[in-house]
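Remarks on the structure that follows.
The values are calculated or read from the model by the stated rules, or taken from the named source; none is laboratory data. Given the structure is predicted, the values throughout are model-derived calculations rather than measurements. For neighbour counting, all protein chains shown are included, and Cβ atoms are generated from backbone atoms with ideal geometry for every residue, glycine included. Please note that ligands, DNA and RNA were not included when accessible areas were found on the heavy atoms of the full protein model with its side chains. Shrake-Rupley method; radii C 1.70, N 1.55, O 1.52, S 1.80 Å.
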Amino acid sequence: GIQVEQSPPDLILQEGANSTLRCNFSDSVNNLQWFHQNPWGQLINLFYIPSGTKQNGRLSATTVATERYSLLYISSSQTTDSGVYFCAGGQNFVFGPGTRLSVLP
Amino acid sequence: DVKVTQSSRYLVKRTGEKVFLECVQDMDHENMFWYRQDPGLGLRLIYFSYDVKMKEKGDIPEGYSVSREKKERFSLILESASTNQTSMYLCASSPALSGSRYEQYFGPGTRLTVT
């Protein structure tokens with residue numbers, strides 16, 4: 001089955017810093033999603049981005065489907081951005097292991 | 001907005017009890033899913049359903065069963081709860097199982113503790 005890797009596994013930032021999270025798939029997917037899991041466990045949809053680039057406020061994402069990776073950009077990070085970021089996709093909707101982000105005040 | 005709700009946010013049950021976790025979605029999605037999430041193991045698919053009364057096993061179905069009598073409702077049943085079923089349970093729905101409409105929407109989760 002499809003394997004999903006995410007990097008980095010952990011990230012600590014000062015408030016206001018920018019960051020880039022990466023997601024690699026072992027095979028092509030046409031349904032890639034990014035989620036943020038908040039400290040209460042809720043998985044919040046960030047982007048449905050099988051290809052191309054999307055932006056939503058301080059967050060943007062780019063998926064290069066031909067090279068089987070996606071990037072999530074967080075600009076001007078805030079403490080409320082803390083949590084775990086997951087990418088997922090593929091026929092069996094496989095989740096990556098996540099990137100744990102901590103934004104310090 | 002898609003809304004997926006789960007019957008309980010926190011649940012404590014005793015070993016051997018029969019446990020029902022309920023999930024309801026309001027977007028007329030064909031497909032619904034149950035996952036469990038454990039530290040270090042990520043999200044693992046227990047069962048999914050692609051239509052009323054239809055179900056498919058996921059990666060870890062042992063010890064669980066499911067029921068989908070109505071399109072909007074998907075229930076996860078622990079026939080005889082055990083301590084190793086202590087976990088966060090997440091329900092999701094999706095309008096499709098493949099292609100460009102295969103995106104998932106998640107409920108808030110139920111944190112189940114079996115003592």
Environment charge of B:M54, counting only residues whose C-beta is closer than 13 Å and scoring Lys/Arg +1, Asp/Glu -1: +2
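Compute the relative contact order of the stretch B:17-115 as a whole-number percentage, counting only Cα pairs closer than 8 Å that sit 6 or more residues apart in sequence. Don't skip to the end; give the middle numbers.
Values: 230 pairs, mean separation 30.5, N = 99.
Rounded, it is 31 percent for the stretch B:17-115.
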Those chymotrypsin sites (Phe, Trp or Tyr not before Pro) in the stretch A:15-80 that DSSP places in a loop and that have at most 16 other beta carbons within 10 Å: A:W40
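Just flag the trypsin sites (Lys or Arg not before Pro) in the stretch A:1-102 sitting in loop per DSSP whose Cβ has no more than 15 other Cβ atoms within 10 Å.
Numbers: sites: A:R22, A:K54, A:R58, A:R68, A:R100; in loops: A:R58, A:R68.
In loop regions of the stretch A:1-102 (DSSP not H, G, I, E or B), the sparsely surrounded trypsin sites (Lys or Arg not before Pro) are A:R58.
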Global size of the protein assembly as shown as Cα Rg and Dmax, reported in angstrom: 17.4, 50
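Where in the stretch B:20-115 are there trypsin sites (Lys or Arg not before Pro) that are in a DSSP coil and have at most 10 other Cβ atoms within 10 angstrom of their Cβ? Present the calculation step by step, with values, prior to reporting the outcome.
On the way: sites: B:R36, B:R44, B:K53, B:K55, B:K57, B:R68, B:K70, B:K71, B:R73, B:R101, B:R111; in loops: B:K53, B:K71.
For trypsin sites (Lys or Arg not before Pro) across the stretch B:20-115 that sit outside H, G, I, E and B with at most 10 neighbouring Cβ atoms in 10 Å, the list reads B:K53.
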Choice from A:N56, A:N31, A:N45 showing the highest fluctuation, given a GNM over chain A with Cα pairs closer than 10 Å: A:N56
13 Å beta-carbon shell around A:S102, net charge (K/R +1, D/E -1): -2
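Provide the per residue accessible area, probe 1.4 Å, for chain B, rounded to a whole number of square angstrom.
Numbers: 5610 Å² over 115 residues.
Here the residues of chain B average 49 Å² of exposed surface.
Ignoring ligands, DNA and RNA, how much accessible area is buried between chains B and A, both sides summed, with a 1.4 Å probe, to the nearest 100 Å²? Could you put the intermediate results ahead of the total?
Values: alone 6280 and 5740 Å², together 10650 Å².
Using a 1.4 Å probe on protein heavy atoms, the buried area is about 1400 Å².
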